[in-house]
């Protein structure tokens, strides 16, 4: 009888898949990422860090970077963008900080793939004089923000969040790659000509379709560790169909198919990642992390549900009466489990961190070590916001409130 050939697919448990995903997200026994160089390494490894405007606590990009580098400060990000020119802003999964070294792989988006392309084309044909005026002013005067341009009196309000025409022109020129963001001042974008922002050594040759597709797949798998084709296609949003290129990379041996036990969908990993990751059971550290709703590790909600058995939705856009957990809840990560969520609000004027609600949903996993680490994370989170006074609100289950308060220094 002929011997059965062994399966070519790597078979792992869901717990191992979580470990792999979290390690690649720098959340599982993360390396010592310190200082500005650590911030840059984080962005380069993740491929992007999403920018968001909600500021009930620190904005999302700051939370993401602080989670991975406890000594992170705002100055790191500003210096990397405005002074060192090591990162730039563009559309990755959404508006994001992106490694400058990846610039050429965004050229096709700038040329013909941006999600607002059709609308921009119509607007630019209707108002070419506004585009010319905005560009000429920046060319002559240097970097400018939208506040440096006036509005049209008595104009009819229209789309684009009631942007004034100059703001629309700035954004269009930015999306098309004619302008770049030189820096942010009080979170406002300051635009300049691309040729004055982009370092001379950066490669600006248009990548071939093969190069671009391989970049998108490699970038996604380097950051996610293990992922489906749907995950890969959405990590950095693209219109390109990546299945054929992924199949070719599997045939070439640079990517391997992975089977997760009791999960029907095929997953994929870079071959180099399989060689370096210890798939044996291990002792996990006791660090607790609070994850921003826009954290790279959980931004794909169906992926979060599939790998972590955790159903998460951001409720800030939900009417208050219909919210289940709170305005801006952050998932709580402990070991390799998403174990609950907190709803914080920073009262910066009075230096108070309000933890309005805490929901701990996997009580069978909770022990004394968790409460100690959870309290330490609350303290670190409050200190990052310069809010030394911590106030705990609703806790579910209620019997955990005493344990939490016992360990939190208030």
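Condition check ((1) crowded, with 20+ Cβ neighbours inside 10 Å; (2) out of contact with any strand residue (DSSP E or B) (no Cβ under 6 Å at 6 or more places or on another chain); (3) at pLDDT below 95) across all residues:
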site: 262; (1), (2), (3): no, yes, yes
site: 268; (1), (2), (3): yes, no, no
site: 272; (1), (2), (3): no, yes, yes
site: 275; (1), (2), (3): no, yes, yes
site: 284; (1), (2), (3): no, yes, yes
site: 290; (1), (2), (3): yes, no, no
site: 307; (1), (2), (3): yes, yes, no
site: 316; (1), (2), (3): no, yes, yes
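One line per residue, one yes/no per condition, for (1) over 30 Å from residue 244 (Cβ atoms); (2) modelled with pLDDT under 95:
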position	(1), (2)
160	yes, yes
178	yes, no
208	no, no
228	no, no
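Would you point out which residue out of 389, 343 is buried (at least 20 other Cβ atoms within 10 Å of the Cβ) and touching a residue at least 12 places away in the same chain (Cβ under 8 Å)?
When all the criteria are applied, what remains is 343.
Yes/no per residue for (1) assigned to a helix (DSSP H, G or I); (2) in contact (Cβ under 8 Å) with a residue 12 or more places away in the chain; (3) over 24 Å from residue 84 (Cβ atoms):
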residue: 18; (1), (2), (3): yes, yes, yes
residue: 27; (1), (2), (3): no, yes, yes
residue: 38; (1), (2), (3): yes, yes, no
residue: 52; (1), (2), (3): no, yes, no
residue: 61; (1), (2), (3): yes, yes, no
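Residues to consider are 202, 229, 217; find the one that is surrounded by fewer than 21 Cβ atoms within 10 Å (Cβ to Cβ) and under 17 Å from residue 269 (Cβ atoms). Lay out the reasoning, then the answer.
Working: 202 fails: under 17 Å from residue 269 (Cβ atoms); 217 fails: surrounded by fewer than 21 Cβ atoms within 10 Å (Cβ to Cβ).
Result: 229 is the single residue among 202, 229, 217 that is surrounded by fewer than 21 Cβ atoms within 10 Å (Cβ to Cβ) and under 17 Å from residue 269 (Cβ atoms).
Test each condition in (1) under 13 Å from the mean Cα position of the chain (by Cα); (2) over 30 Å from residue 343 (Cβ atoms); (3) modelled with pLDDT under 95 for residue 52 and report the one that comes out false.
Failed condition: (2).
The values are calculated or read from the model by the stated rules, or taken from the named source; none is laboratory data. Just so it is clear, the structure is predicted and the values come from calculations on it, not from any experiment. Ideal geometry is used to build each Cβ from the backbone, glycine not excepted, and the neighbour counts take in all protein chains shown.
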